[in-house]
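The values are calculated or read from the model by the stated rules, or taken from the named source; none is laboratory data. Quantities reported herein were computed from a predicted structural model and do not represent experimental measurements. Counting neighbours? That spans all protein chains shown, and the Cβs are built from the backbone with ideal geometry, glycine included. Protein only, heavy atoms only, side chains kept; ligands, DNA and RNA dropped before computing areas. Shrake-Rupley method; radii C 1.70, N 1.55, O 1.52, S 1.80 Å.
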Amino acid sequence: MQGIRSQVCVAYKDLCLFPDVQLPAGFKMPKFDMYEGHGDLVAHLRGFCSKMRGVDGKYKLLMEYFSQSLSGAALEWYTRQDASRWYTWDDLAQAFARHFQYNTDIVPDCLYLTKVEKKSSESFKEYGFRWREQAARVNPPMEEDEMVEYFLQALEPTYFGHLISAIG
């Protein structure tokens, strides 16, 4: 993509990874949830495929429009790829998954939940939402009574410790 004397090539054939992909008649671009390079990549891939389910096997179309669901580091990664290595949607999805795999490897466990502390800058409600969001990522999923137990354990050092030291 670099030209002579550090000029950037901006020709369509140089910028578009799949220049021969044609939109089907009547194709309406769905609104995608954006993936910035962090978070659950499998959830993002599933969401993207679900919104593109009407393309029925037109894998080049999936490959071309995948970039519309990316931003930040993920979009930079996509635009720097050699698309000639991707023969199918599965090739692209595998490359994407390999590159952003570290995001799915970091899954919180129950012990982690007991260590999630309330930040001084957040309200109790904000803390509760943040904690619950982390609890929802635990695999296998926990029952509601388990979540309450771990939430109370997470609160112990923050609230009950302050309460006990104030009384004693």
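Brief remarks on what is shown
- As a rough guide to protection, the peptides 24-31, 45-52, 142-149 ranked by mean Cβ packing within 10 Å, highest first, stand as 45-52, 142-149, 24-31.
- The range 15-84 - percent relative contact order, Cα under 8 Å, separation 6 or more: 45
- Among the trypsin sites (Lys or Arg not before Pro) in the range 79-156, those placed in a DSSP loop whose Cβ has at most 12 other Cβ atoms within 10 Å are ARG80, LYS115, LYS119.
- FRET E, pair CYS110, LYS28, Förster distance 25 Å, beta-carbon r, rounded to 0.05: 0.05
- For the range 69-124, GluC sites (Glu not before Pro) are listed when DSSP marks them as loop and at most 15 other Cβ atoms sit within 10 Å of their Cβ; the list is GLU117, GLU122.
- A full extension of the chain between GLU117 and TYR102 corresponds to an added length of 3.0 nm, given 0.36 nm per residue minus the alpha carbon distance.
- Each residue was assigned an accessible area with a 1.4 Å probe, and for MET34 the value is about 100 Å².
- Heavy-atom accessible area ranking, 1.4 Å probe, most first, across THR79, THR88, THR114: THR79, THR88, THR114
- Accessible surface of SER121 - all protein chains present, 1.4 Å probe, nearest 10 Å²: 100
- Cα gyration tensor, the range 15-93 - rounded (a/c under 1.5), prolate or oblate: oblate
- Once the C-beta distance of ALA136 and ARG85 is scaled by a Förster radius of 30 Å, the resulting FRET efficiency is 0.25 to the nearest 0.05.
- Prolate/oblate/rounded label for the range 65-147 (Cα gyration tensor, a/c 1.5): prolate
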